[in-house]
Amino acid sequence: MRKQAVIIGKGQSLLSKQLGPTIDAFDLIIRVNHMPVEKLIPHIGKKTDIFSNRQKEDRKSTRLNSSHVS
(Lines give C-alpha, C1' and ligand atoms only; values in the text may rest on other atoms or scores of the structure.)
Protein backbone atom coordinates (compact mmCIF):
# COMPACT_ATOMS: atom_id res chain seq x y z
CA MET A 1 0.00 0.00 0.00
CA ARG A 2 1.35 3.39 -1.00
CA LYS A 3 1.49 6.07 1.70
CA GLN A 4 0.69 9.71 1.07
CA ALA A 5 2.51 12.65 2.65
CA VAL A 6 1.78 16.37 2.82
CA ILE A 7 3.98 19.32 3.76
CA ILE A 8 2.18 22.21 5.46
CA GLY A 9 3.89 25.58 5.76
CA LYS A 10 2.84 28.80 7.36
CA GLY A 11 0.69 30.51 4.78
CA GLN A 12 -2.47 32.57 4.75
CA SER A 13 -4.06 30.65 1.86
CA LEU A 14 -5.21 27.76 4.07
CA LEU A 15 -7.09 30.07 6.42
CA SER A 16 -9.83 30.68 3.86
CA LYS A 17 -10.50 26.94 3.51
CA GLN A 18 -11.53 24.27 5.97
CA LEU A 19 -9.07 21.56 4.94
CA GLY A 20 -8.24 20.29 8.45
CA PRO A 21 -9.91 16.86 8.03
CA THR A 22 -8.43 16.46 4.53
CA ILE A 23 -4.93 17.28 5.79
CA ASP A 24 -5.28 14.97 8.82
CA ALA A 25 -6.25 12.08 6.51
CA PHE A 26 -2.72 11.92 5.02
CA ASP A 27 -0.44 9.13 6.24
CA LEU A 28 2.46 11.49 6.99
CA ILE A 29 2.11 15.18 7.86
CA ILE A 30 5.17 17.40 7.88
CA ARG A 31 4.77 20.89 9.31
CA VAL A 32 7.26 23.68 8.70
CA ASN A 33 7.68 26.72 11.00
CA HIS A 34 4.44 26.35 12.93
CA MET A 35 2.43 23.92 15.01
CA PRO A 36 -1.38 23.88 14.95
CA VAL A 37 -3.23 26.05 17.43
CA GLU A 38 -6.77 25.21 18.52
CA LYS A 39 -8.57 27.96 16.61
CA LEU A 40 -6.89 26.98 13.30
CA ILE A 41 -7.48 23.21 13.47
CA PRO A 42 -10.54 23.35 11.15
CA HIS A 43 -8.33 25.00 8.53
CA ILE A 44 -4.91 23.33 8.95
CA GLY A 45 -5.65 20.12 10.88
CA LYS A 46 -4.06 18.97 14.12
CA LYS A 47 -2.05 15.85 13.27
CA THR A 48 1.73 16.30 13.03
CA ASP A 49 4.30 13.59 12.36
CA ILE A 50 7.38 15.69 11.62
CA PHE A 51 7.95 19.30 12.65
CA SER A 52 10.74 21.45 11.24
CA ASN A 53 11.42 24.92 12.59
CA ARG A 54 13.68 26.69 10.13
CA GLN A 55 13.60 30.16 11.62
CA LYS A 56 16.97 31.91 12.00
CA GLU A 57 16.94 32.03 15.79
CA ASP A 58 16.00 28.37 16.30
CA ARG A 59 17.01 25.80 13.67
CA LYS A 60 15.81 22.34 14.61
CA SER A 61 13.84 19.41 13.28
CA THR A 62 11.86 17.02 15.42
CA ARG A 63 10.24 13.72 14.58
CA LEU A 64 7.21 13.31 16.81
CA ASN A 65 6.26 9.97 18.29
CA SER A 66 3.62 8.59 15.97
CA SER A 67 2.47 4.99 16.11
CA HIS A 68 0.99 5.03 12.60
CA VAL A 69 4.16 6.08 10.75
CA SER A 70 6.49 3.30 9.72
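The values are calculated or read from the model by the stated rules, or taken from the named source; none is laboratory data. Only a predicted model underlies this, so the values are computations on that prediction, with no experimental measurement involved. Glycine gets a Cβ as well: all are built from the backbone with ideal geometry, and neighbour counts include every protein chain shown. Heavy atoms of the whole protein, side chains included, go into the accessibility calculation; ligands, DNA and RNA do not. Shrake-Rupley method; radii C 1.70, N 1.55, O 1.52, S 1.80 Å.
The alpha carbons of segment 1-56 occupy a box of 35, 28, 18 Å along the principal axes, longest dimension given first. Per-residue 3J(HN,Hα) values for segment 24-41, derived from phi via the Karplus relation 6.51 cos²θ - 1.76 cosθ + 1.60 with θ = phi - 60°, read 5, 7, 5, 6, 9, 10, 10, 10, 10, 6, 7, 10, x, 10, 3, 5, 9, 3 Hz in sequence order (x marks Gly and Pro). In segment 1-59, the DSSP beta bridges split such that about 20 percent are antiparallel, to the nearest 5.
The local environment of VAL32, defined by Cβ-Cβ distances under 11 Å, has a net charge of +3 under the rule Lys, Arg +1 and Asp, Glu -1.
Hey, if we sort VAL37, VAL6 by accessible area with the 1.4 Å probe, largest down, what's the order?
VAL37, VAL6
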